[in-house]
Amino acid sequence: MAIFVQLLMAGIATGAIYALIAVGFALLWQTSGTINFAQGEFVMVPGFIMLGLMTLLGIGLIPSFIITLPISLFLFGFLFKRLLVDPLIKYGDFPLVIATIGLGILLKEGTKLVAGARGVFFPELFPDKILHFAGFSVSTSDLALLGIAVMIIIALQLFLNRTFVGRSMQATAQNSDVARILGIDVDRMILITFLINAALVTVAALLITPSYLAKFNNGETLGLLAFMAAIVGGFNQVRGALIGGFLIGVLENLGAFYISSQYRTAFPIILLILVILFKPEGIFGRPEERRI
Amino acid sequence: MTDKSSNIDQSIQGATLAEDTSSRILRILGLVILAIVIIALLFAPKYLGSYGLYLLSFWAVTTIAVQGLNLVMGYAGKISLAQAAFMGIGAYTSTLLIQGTGMNYWVGLVSATIVCMLIGALIGFPALRVKGHYLAFVTLGFNELVILVLRNEDQWTNGPIGIMNINRPSIFGFSLFEADRFYYFCFGMLILVSLAMGYMIRSPWGRAFKALRDNPDRAESLGLSTTTYTLIAFAIGSGLAGIAGAMHAPMVEFIDPQSFGLHRSLLFLLMVMVGGRGTLAGPFIGVFFAILLPEWLRFTEDYYLIIFSIFVILLIIFFPQGVAGIGPYLQKRFSSNQQKEAI
């Protein structure tokens with residue numbers, strides 16, 4: 001029982017980080033119809049930028065994160081939208097899928113060229129201590145990760161539901177034509193979504209890179225986990241992607257311990273295939289209407 | 001009034017005439033290029049060392065796999081990110097059967113193809129229910145599952161280390177050990193597969209695939225069964241990957257799970273796009289750009305992938321139809337200019 005609780009906690013903590021990545025992914029899809037196959041690389045690269053700044057400038061993790069954040073916003077928010085999404089989005093989602101796959105390979109190989117193929121140590125944000133109480137043991141670092149991720153998720157939800165800009169973004173996501181008629185600057189709303197996604201992946205990079213080591217091909221696994229979380233939970237709802245993230249994290253941890261640690265990533269994939277076959281709109285999503 | 005309409009008639013005639021001549025010129029040009037390429041490939045062993053021949057064999061094998069993916073993506077209009085996994089299934093099935101039972105190479109190759117076709121048809125089932133990006137993720141997940149099995153079931157697959165010292169077979173009592181002989185084998189297989197593919201695309205099946213891609217609702221209302229044709233496309237496309245896998249194993253003389261990972265599936269997809277999906281020449285061009293060109297330009301693989309991916313992104317932005325789409329694009333430009341002159 002104690003082990004179960006511990007695994008559950010660890011699963012929820014990593015799941016919260018997957019949720020951050022998946023929510024950004026779902027937001028891009030909702031407001032602009034972009035399916036970002038480079039999302040995993042968007043998490044991998046800021047990790048390396050932080051490491052690079054730390055060694056170049058000799059600063060700590062937190063200052064380096066603060067410098068990295070605007071760089072990420074510019075690269076993965078602004079430039080990504082202007083250079084890749086804007087020219088391609090009018091051709092439908094397929095060319096954009098190909099282009100983001102190309103972008104993913106570009107980022108991966110570029111990182112390998114600059115930083116090498118070896119995994120690099122990435123400092124933990126919090127010291128990992130095990131707390132014992134009432135017969136259960138919980139890792140402090142898991143608790144802290146969970147706390148940060150949950151705070152960001154709550155802030156994002158408040159922003160989306162309570163502020164004017166947030167509600168305009170939701171209107172854009174639901175029906176961009178009507179939103180435009182209502183006088184909402186749709187293009188600006190889409191840009192804000194891209195910036196939010198860039199911020200989310202940078203935070204995710206800060207939180208998750210320590211447990212993976214910084215490595216050029218981290219994006220493959222992380223991207224796959226984020227896609228799975230978004231689809232399992234429901235692609236067309238932020239709430240769905242959130243719950244999907246937690247679900248994937250828990251399933252992965254429990255499956256690895258109780259069934260087989262070698263097949264760790266297999267459990268979410270099997271869940272993904274089942275969900276797509278039997279409830280393609282996701283466990284918590286709305287069905288998408290068919291055209292014609 | 002009559003003047004005007006006859007004028008329009010004339011200009012339409014002029015336009016179709018211009019289109020006819022320009023498309024005829026392009027077709028003749030295409031045939032000439034094809035002839036030159038085939039002759040060059042036939043005489044390649046005279047001028048290339050064993051490494052050059054290995055590369056050309058590699059090109060031929062990859063082209064077979066990419067032709068399969070092109071059938072699924074370009075003709076049936078379904079996305080698949082599991083082509084490398086099918087190649088892996090083909091490579092492991094044939095190798096394990098041949099090493100385990102000592103069976104004939106051809107029997108191993110055919111068994112690998114059949115196994116891939118069956119699993120491919122199974123993967124086709126989700127394709128019936130979901131479309132677009134969902135299918136991309138199902139196939140992507142499947143690719144990852146296959147790699148996990150290959151890596152972890154080491155009593156059969158020897159795990160992450162892979163299987164070494166795979167023998168090159170003899171066919172009809174003729175050993176393929178030498179690089180030039182193996183090259184001719186790959187070249188012959190490529191021609192066989194391409195002829196079969198060309199024949200199929202022109203057959204009623206091929207037309208059905210295109211109809212389902214361009215307008216599924218209309219095709220179905222005309223009595224075409226989406227179910228049957230989607231499953232056929234997936235089965236044949238995966239079967240070609242199986243053939244390519246069964247050829248890949250003796251070519252490299254080594255297989256491991258990593259060679260068939262997601263990374264490779266993504267590259268296959270880019271090769272289809274670069275060549276131009278839904279065209280017969282597409283896979284040849286796409287694989288040429290991905291495998292042969294970097295060697296001639298003397299790039300290392302890592303460096304080249306960066307250039308290749310930038311190239312793909314620019315290509316998608318400027319020519320969404322791929323390199324093979326540039327020909328028809330120029331033709332259209334050319335004939336529309338003529339049209340303007342005629343009017």
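The values are calculated or read from the model by the stated rules, or taken from the named source; none is laboratory data. These numbers were taken from a predicted model, which means no experiment stands behind them. We place every Cβ from the backbone using ideal geometry, glycine too, and count neighbours over all the protein chains shown.
Structural remarks
- Cβ-Cβ contacts under 7 Å between residues 6 or more apart (or on different chains), taken from a first residue in segment A:33-61 that is of a type in the set (Lys, Arg) to a second residue that is assigned to a helix (DSSP H, G or I) and buried (at least 24 other Cβ atoms within 10 Å of the Cβ), are absent.
- For A:Lys90, the conditions (1) within 21 Å of the chain's Cα centre (by Cα); (2) closer than 27 Å to A:Ile190 by Cβ all hold with the exception of (1).
- In summary, A:Phe126 fulfils each of the numbered conditions (1) within 14 Å of another protein chain (Cβ to nearest Cβ); (2) under 21 Å from the mean Cα position of the chain (by Cα); (3) not in a helix (DSSP H, G or I) with the single exception of condition (1).
- Tallying residues that are in a helix (DSSP H, G or I), touching a strand residue (DSSP E or B) at 6+ places or on another chain (Cβ under 8 Å) and over 19 Å from A:Gly223 (Cβ atoms) within segment A:76-120 yields 0.
- Within segment A:98-140, the residues that satisfy the criterion of being of a type in the set (S, T, N, Q) and surrounded by fewer than 20 Cβ atoms within 10 Å (Cβ to Cβ) are A:Ser137, A:Ser139, A:Thr140.
- Flag not set for A:Phe74, criterion: in contact with a Ser or Thr (Cβ under 6 Å, 6 or more places away or on another chain) and among the hydrophobic types (A, V, I, L, M, F, W, C).
- Which numbered condition B:Gly173 misses (of (1) under 25 Å from the mean Cα position of the chain (by Cα); (2) more than 14 Å from chain A (Cβ to nearest Cβ)): (1)
- For B:Ile166: the one exception among (1) over 24 Å from B:Gly245 (Cβ atoms); (2) over 22 Å from the mean Cα position of the chain (by Cα): (1)
- Filter pass, A:Ala256 being within 15 Å of A:Ala16 (Cβ to Cβ) and part of a helix (DSSP H, G or I): no
- Residue that is free of Cβ contacts under 8 Å to residues at least 12 places away in the same chain and among the polar types (S, T, N, Q), where the choices are B:Ser203, B:Ser194: B:Ser203
- Restricting segment A:82-97 to residues that are of a type in the set (D, E, K, R) and either within 14 Å of A:Trp29 (Cβ to Cβ) or surrounded by fewer than 14 Cβ atoms within 10 Å (Cβ to Cβ) (or both), the residue that is nearest to the other protein chains (Cβ to nearest Cβ): A:Asp93
- Of all residues in segment B:265-285, those satisfying the criterion of being within 12 Å of chain A (Cβ to nearest Cβ) and either modelled with pLDDT of 90 or more or in a helix (DSSP H, G or I) (or both) are B:Ser265, B:Leu266, B:Leu267, B:Phe268, B:Leu269, B:Leu270, B:Met271, B:Val272, B:Met273, B:Val274.
- Of the numbered criteria (1) under 30 Å from A:Phe164 (Cβ atoms); (2) facing chain B (nearest Cβ under 10 Å); (3) touching a Pro at 6+ places or on another chain (Cβ under 7 Å), the one A:Phe235 fails is (3).
- A count restricted to segment B:120-144 and to residues that are more than 19 Å from A:Met228 (Cβ to Cβ), out of contact with any Phe, Trp or Tyr (no Cβ under 7 Å at 6 or more places or on another chain) and buried (at least 21 other Cβ atoms within 10 Å of the Cβ) stands at 0.
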